[in-house]
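**Q** To start, I am sharing the structure in question, which I have written as structure tokens.
The values are calculated or read from the model by the stated rules, or taken from the named source; none is laboratory data. Because the structure is predicted, anything quoted here is derived from the model rather than measured. Ideal geometry is used to build each Cβ from the backbone, glycine not excepted, and the neighbour counts take in all protein chains shown. Remember, those area values only see protein heavy atoms, side chains included, never the ligands or the DNA or RNA. Shrake-Rupley method; radii C 1.70, N 1.55, O 1.52, S 1.80 Å.
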Amino acid sequence: MPAIQAVGRGSPAAPEDISVYPRRLAGTSTTLFALAGLGALACAPATPPAADTPVPGLAPDVPLEPGAVMSIPEPDPVEAGRAPLPGEYAGAFDVLHYDLELSLHLDRSDFDGRARILVAPPADPETPMEFDLVGLAVHAIEVDGVRTPFEYADGKLRVFAPPGATGTVEVAVAYGGTPDDGLILRDNVHGDPAAFADNWPNRARFWFPSVDHPSDKATVEYTIHAPAAWQVIANGTIAAPPAPTDDDALGGAEGRRTWRWTTSVPIPSYTMVIGGADLAVRQVGLAACGDSPVSPRSDGCTRVSYWVYPQDVDNGARIFGRAAEMVDFFTDLIGPYPYEKLANVQSATRFGGMENSSAIFYTEQGIAQGRNMEGTVSHEIAHQWFGDSVTESEWYDLWLSEGFATYFGALFFEEADGPGDFRGRMEGSRQRVLASSDVNRPVVDREETNLFNLLNANNYPKGGWVLHMLRGMLGDETFFAGIRSYYARFRDSVAGTSDFRAVMEEASGSDLGWFFEQWLYRPGYPVVASETAWDAEAGEAVVTIRQTQQADWPTFRLPLDIEFEVGGNAERSRVEVTGREQTFRIPLEAAPSGTTLDPDDYLLMQTGGN
């Protein structure tokens, strides 16, 4: 994938009625206070205000002065993709809803922002609410309309709930600057100005304060003040037609329109996005009719569209031509489509595709070049069910997102283009696993500290093969019944590998612990060699199976189908391989002229070992 493109940092001015103290020396915390009777506390750490200490209240709308120079430097940047520390997101508080307002301009690489965040606060009043935020200036914070002290350091924005707070509180943050990452403000592939969010894995923090972890899902609404010539896309449904921006709006009104989008179901922060540019909007069609429970349409259908640069409309028509068909396929196979719409968007994402809920972003270069991207489209649409609606609760369970999208994305082509196409895709996935050094680590890798390194052959093709092997072992009826139950149980929520295992054990009535252990929690794959001899006196084929993979990989338990060619007919037997070397005696009517292991290609293994 392309390297992270760093840009310079800058900050708009603080409001006239607010002053902030410079950050302390590197390595110490930066505690900022609104100076309205709190000047004496400016060097103290942020602590919860006592119940009898009045905290001055100011107007909830904080005016900003875009484009001016901030009076303090922002805190030092924090590296994107750093894995969280154990317990960092232990759930002390819960974000329920984000209300984000952004001001974007044609000729600027900075933006102004206001965030209003509805939170269920910590039960312990001594525990701060801790939001992720990186590389931007914070001008002021209010909690339930009261200006509040806060601490901003090491990528964390810490603020306390009011004493005795119960139920929910609203945290309002006035902030802005030039984002280091996450919100890409630059010219597009055709040289025209554009703005696109690109959050995976934990880069939402670069443009709005958030709990930037997949376990904390929330609803979100956006108010985007953008250049009048732009189309603006975001998650969810459009709340009102775009209108000329009000004179008193954030960042001013000149030459701009205001767009409002809102979601009706919770989504993870890494899929919360906005995009704006000169875009041509085209309709693919309707899908999931009668099976789109949050569609705003009266007919209960999901509108499928694509949003591309005007120069690339023809390429978009070809690339996204079967997108509605894909939505119908996954809806029939898995369950109801989970979102309000499906927009496929040409964008500045660094990835080939990014599965943002209801607004998938794709590489602008790939679409401009007219690449064959249908496999990517199917993969990203499958993510709407797995990754977006059912979200991995921890990053190390990423295979529940990427492995599922890899496998179900391929399943569309089994249905649409035939079994041969599907088998070709699975063979390509197998070869990527066999060629990768990633398999020396387990799929569920709790030790990886760089989240970008999880975009590997374990979580994509090997994860997809785990599902394929489970399907081969359980049979289609049981496997897909289990998949539908898993989706129904965890839709709009989060799940871990243990949750998926429990559902599949319920569906099959079998203990699958051994299967999940060897394929997900241990490294490698089996390397299998075989020999077949004929015992004429006993009328039996004598098949010796050896597992010759490296010693530090496990000895795999393999439900193995063996097909014999006998007199022009195919005869099959299933054996269970559990050792490094085993011999099986299989009665046949005559000596076989050929022997094939795993004839239906349901096992991830390398054959022909020593």
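**Q** Ignoring ligands, DNA and RNA, please state the percent of accessible area on region 163-207 from carbon and sulfur, probe 1.4 Å.
**A** Heavy-atom surface of region 163-207 belonging to carbon and sulfur, 1.4 Å probe: 46 percent.
**Q** Right, here's the next one. 7 Å from Cα along Cα→Cβ at both GLN283 and ARG522: what's the point-to-point distance in nm?
**A** About 5.5 nm separates the two model spin labels.
**Q** Still on this structure: Roughly to the nearest percent, how much of the accessible area of region 413-467 is carbon and sulfur, given a 1.4 Å probe?
**A** Reported share for carbon and sulfur atoms: 43 percent.
**Q** If you count, for each residue, the other Cβ atoms within 10 Å and average over each peptide, how do 518-531, 346-359 line up from highest to lowest?
**A** Highest to lowest by the protection proxy: 346-359, 518-531.
**Q** Can you give the net charge of the other residues whose Cβ lies under 12 Å from the Cβ of GLY191, counting K and R as +1 and D and E as -1?
**A** -3
**Q** Please work out the FRET efficiency for the pair ALA229 and ASP299, using the Cβ-Cβ distance as r and a Förster radius of 41 Å; give the result to the nearest 0.05.
**A** 0.80
**Q** Quick one: Debye curve from the C-alpha atoms of region 273-314, no solvent, what's log10 I(q)/I(0) at q = 0.27, 0.28, 0.34 Å⁻¹?
**A** Debye curve over Cα of region 273-314, log10 I(q)/I(0) at q = 0.27, 0.28, 0.34 Å⁻¹: -0.87, -0.89, -1.07.
**Q** Ignoring ligands, DNA and RNA, what percent of the accessible area of region 276-334 is carbon or sulfur (1.4 Å)?
**A** Summing carbon and sulfur atoms, their accessible area is 45 percent of the total for region 276-334.
**Q** Alpha carbon centre of region 442-504 versus region 361-427: separation in Å?
**A** Region 442-504 and region 361-427 have Cα centres spaced 14 Å from each other.
**Q** I would also like to ask the following. Which of the aspartates and glutamates could a cross-linker span from LYS341 if the Cα-Cα distance has to be under 16 Å and same-chain partners fewer than 8 positions apart are dropped?
**A** Partners found: GLU221, ASP291, ASP299, GLU325, ASP328, GLU355, GLU380, ASP388, ASP492.
**Q** Follow-up. Please give me the summed charge of the neighbours of GLU325: other residues whose Cβ is under 12 Å from its Cβ, Lys and Arg +1, Asp and Glu -1.
**A** -4
**Q** Multiply the residue gap between GLU540 and GLU589 by 0.36 nm, knock off their C-alpha separation, and tell me the result in nm, one decimal place.
**A** In short, 16.8 nm is gained.
**Q** What FRET efficiency comes out for the pair ALA570/LEU96, r = Cβ-Cβ distance, R0 = 60 Å, nearest 0.05?
**A** 0.55
**Q** To continue, here is another question. For THR596, THR262, what's the largest-to-smallest order of accessible area, 1.4 Å probe?
**A** Output order, biggest surface exposure first: THR596, THR262.
**Q** Could you work out how much longer the chain between ALA533 and THR578 gets when fully extended? Use 0.36 nm per residue separation minus the Cα distance between them, nm to one decimal.
**A** 14.1 nm
**Q** Specify which labelled value, from (1) 55, 32, 24; (2) 51, 27, 20; (3) 70, 28, 22, agrees with semi-axes √(5λ) of the Cα gyration tensor in Å derived from the coordinates of the model shown.
**A** (2)
**Q** With a ≥ b ≥ c taken as the square roots of the eigenvalues of the C-alpha gyration tensor of region 237-382, please select rounded if a/c is under 1.5 and otherwise prolate if a/b is larger than b/c or oblate if it is not?
**A** It comes out oblate by the Cα gyration axes.
**Q** Over region 321-403, consider all pairs of different Cα atoms and compute the Kirkwood hydrodynamic radius from their mean reciprocal separation; express it in Å, one decimal.
**A** Hydrodynamic radius (Kirkwood, Cα pairs) of region 321-403 is 13.1 Å.
**Q** Mind giving me the FRET efficiency for THR555 and ASP124? R0 is 41 Å, r the Cβ-Cβ distance, nearest 0.05 is fine.
**A** Efficiency, rounded to the nearest 0.05: 0.25.
**Q** Classify region 332-460: rounded, prolate or oblate, from the alpha-carbon gyration tensor (a ≥ b ≥ c, eigenvalue square roots; a/c under 1.5 rounded; otherwise prolate if a/b is larger than b/c)?
**A** rounded
**Q** Quick one, can you get me the convex hull of the C-alpha atoms of region 224-272 expressed as volume per residue in Å³?
**A** 87 Å³
**Q** Another one. Based only on Cα atoms, what mean projected area does the convex hull of region 183-239 have, in nm²?
**A** Computed as one quarter of the Cα hull surface, the answer is 4.9 nm².
**Q** I've got another one for you. Give the accessible surface of the chain per residue, rounded to a whole number of Å², with probe radius 1.4 Å and ligands, DNA and RNA excluded.
**A** Counting only protein heavy atoms, the per-residue value for the chain is 38 Å².
**Q** Related question: For region 398-459, what does the convex hull of the Cα positions come to per residue, in cubic angstrom?
**A** It is 73 Å³ per residue.
**Q** Follow-up. When the chain is fully extended, how far beyond the present Cα-Cα distance does ASP192 get from GLU505, taking 0.36 nm per residue of separation?
**A** 107.4 nm
**Q** Still on this structure, I have one more. How about LYS156: which aspartates and glutamates have a C-alpha closer than 15 Å to its C-alpha, ignoring those fewer than 8 places off in the same chain?
**A** Cross-link targets: GLU74, ASP76, GLU79, GLU88, GLU130, ASP132, ASP212.
**Q** Indicate the gyration tensor shape class of region 487-542 (rounded, prolate or oblate), computed on the Cα atoms with a ≥ b ≥ c the square roots of the eigenvalues: a/c under 1.5 is rounded; otherwise a/b larger than b/c is prolate and the rest oblate.
**A** prolate
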